[in-house]
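Worksheet for the structure shown next.
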Amino acid sequence: MKIVREQKELHASLIRVTVDEKDYGEAVEKTLREYKRKANIPGFRPGMVPMGIVKKMYGKGVVAEESYRLASHSAFDYLQKENIDYVGDVIPAEEQGDFDFENNTEFEFVFEIGEAPAINLDLSAKDKVTYNRIKVDKKMHNDFKDNYLRRFGRLVDVDKVKKDEALSVTLDNGDMRIEEAYVGLISMSDEERKPFIGKKVGYKTTVNVNDLYKNPAQRASILQVKEAELEGINPEFSLEITKIRQFANPELNEEFFKMAFPAGDVTNEEQLDAFVDAEIEKELSRESDYLFTLQLRNYLLEKAQLEMPTEFLKRWLYVINEGKFTMEDIEKDFDGFVKMFSWNYLQKHFIQTLELNVTAEEAAAEAKVFAAAQFAQYGMPSAPAEMLENFSKQILENKEQAQKIYEKLYEQKVVEAVKAKIKVTEKKVSAEEFATLAKEI
């Protein structure tokens, strides 16, 4: 067997592996004997098929399979032995010639690699990146406080629709009549709730429930039927508003504070306002952290000036996607791909050199945070601990979701480790200024 490495283009190499019968012959014979043992051919008892017939039927394919397996394994062993670092994966080269597995015994397999770029990053306090923290303004405070108080509010009758009230309506299409049907304007967009704005109890109109609610589950709910029963129902209904109710915030009295803050750490409105600002700060810090990560990523990529094997990466993307994308498709989004690929490569460098590690306990804790966010999104802001535990386990048992959890945590560790090496200056900005910065990045 002979292995030769040659330069193809800037940052890409070919690995030529030549194998002959003395290299792969034993493996071929072993495989053919196994074929002979299992062969089920009419006229022969199992295991008694002559080897000549087995070779005629399967020999060519087995030679192709075993010689390629040997060549590919040898290419990987060569790269490891020579300590050659590469990016992406080893792929069959375009320079690969044709094979005659029936008549020849020596074959040259040609593989291609993208050479990994060197990383030279000497970080110190001379490296400066700004951390932009969003200032809490009055509107943020009032909106958050109002939404928080709504959790403890109650529905009260009002005489006119203003924005996001809850409506009780009577629906009738001649075939079916539903009284006390619920129409929640809060779940609608401004455009969807527009026909109801300004209307009073007793208002009558005609609606198409398919237009009123695009979601089948919501349609089934308002019509008080099962989803499977929706088919065949005439969607044109007369609608009469019978009741209009809106959420009224609770009184900020002793009863409210005991209910909302059973630990007793918030007992008056001044402390409530401080609590609200702290909660907003938590949410905004996630936005600031995310923007800082993008800023740090861009700074490090600019400083590192990685020379990625771009032409190889295009071919690699085409090969691993098995023709799902044309080269034109790949070219279109390639700049964004290279940026993310380079950032992942830099992260790998920091993880290895700084010996960063994510523990199973950290992954489990992050999965619980993710699970809690999912439950909150579906109206359960305080899901039971057992439910969070079970759902977080399901998340980590899913290979794709678990990978995302670990990738997020490793990125956070890389960012924190790099922050400790450079100078980070904090700057307070308005929400509008922050949005502009985010858009630019």
Between residue 179 and residue 164, the two model label points (7 Å from Cα along the beta-carbon direction) sit apart by a distance in nm of 3.1
Gyration tensor on Cα atoms of the range 112-236, a ≥ b ≥ c root eigenvalues, a/c under 1.5 rounded, else prolate if a/b beats b/c, else oblate, says oblate
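Starting from the Cα-Cα distance between residue 256 and residue 27, subtract it from 0.36 nm times their residue separation and give me the gain in nm to one decimal. Don't skip to the answer; put the middle values down first.
Values: separation 229, 0.36 × 229 = 82.44 nm, distance 7.85 nm.
Length gained between residue 256 and residue 27: 74.6 nm.
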Solvent exposure of the range 32-126 as accessible area per residue, Å², 1.4 Å probe = 64
Cα lying deepest toward the dipole's positive end in the chain, options 3, 234, 84, charges on Cβ | 234
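Considering only protein heavy atoms and a 1.4 Å probe, what is the carbon-and-sulfur percentage of the accessible area of the range 59-139?
Values: 1990 of 4700 Å².
Reported share for carbon and sulfur atoms: 42 percent.
So which of 163/200; 160/194; 163/243; 282/393; 55/81; 282/368 end up more than 24 Å apart by C-alpha? Could the numbers behind the result be given before it?
Values: 163/200 13 Å; 160/194 13 Å; 163/243 15 Å; 282/393 26 Å; 55/81 35 Å; 282/368 17 Å.
Exceeds cut-off: 282/393; 55/81.
Under a Cβ-only charge scheme (Lys and Arg +1, Asp and Glu -1), can you give me the dipole magnitude of the chain about the Cα centre, in debye to the nearest 20? Let's see the in-between values first.
Numbers: 63 positive and 82 negative charges, 95 e Å.
For the chain, the charge dipole is close to 460 debye.
To the nearest 20 debye, what is the magnitude of the charge dipole of the range 42-163 about its Cα centre, counting +1 on the Cβ of each Lys and Arg and -1 on the Cβ of each Asp and Glu?
Working: 19 positive and 22 negative charges, 415 e Å.
Here the size comes out at about 2000 debye.
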Kindly provide the pair-distance distribution of the chain built from C-alpha pairs, with 10 Å bins from 0 and whole-percent values in order of increasing distance.
-> 3, 12, 15, 18, 16, 13, 10, 8, 3, 0
Figure the gain on full extension for residue 69 and residue 191 (residue separation times 0.36 nm, minus the Cα-Cα span) and round it to one decimal in nm.
-> 37.8 nm
Is the shape of the range 352-437 rounded, prolate or oblate, going by the alpha carbon gyration tensor and its root eigenvalues a ≥ b ≥ c, with a/c under 1.5 for rounded and a/b larger than b/c for prolate?
-> oblate
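How much mean residue ellipticity at 222 nm does the chain get from its helices, if each DSSP H run of length 4 or more adds -39500 (n - 2.57) and you divide by all residues, to the nearest 500 deg cm²/dmol?
Working: 15 runs with 220 residues, N = 441.
Roughly -16500 deg cm²/dmol at 222 nm, from the helical runs in the chain.
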Spin-label zone in the range 142-170 - amide nitrogen under 13 Å from a point set 7 Å from the Cα of residue 273 along the C-beta vector | 142, 145
Pairs of Cα atoms under 8 Å, at least six residues apart: use those to get the relative contact order of the range 189-293, whole percent.
-> 22
Cα gyration tensor category, rounded, prolate or oblate, for the range 65-138 with a/c compared to 1.5 | prolate
For residue 319 and residue 48 in the same chain, what is the full-extension length gain: residue separation times 0.36 nm, less their Cα-Cα distance, in nm?
-> 93.3 nm
Under a point-charge model restricted to the Cβ atoms of Lys and Arg (+1) and Asp and Glu (-1), what is the dipole moment magnitude of the range 284-411 relative to its Cα centre, in debye to the nearest 20?
-> 40
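The values are calculated or read from the model by the stated rules, or taken from the named source; none is laboratory data. Since the structure is predicted, the reported quantities are computational estimates derived from the model, not experimental observations. Because the Cβ atoms are built from the backbone with ideal geometry, glycine has one as well, and the counts that use them run over all protein chains shown. Accessible surface is based on the protein model in full, side chains and every heavy atom, while ligands, DNA and RNA are left aside. Shrake-Rupley method; radii C 1.70, N 1.55, O 1.52, S 1.80 Å.
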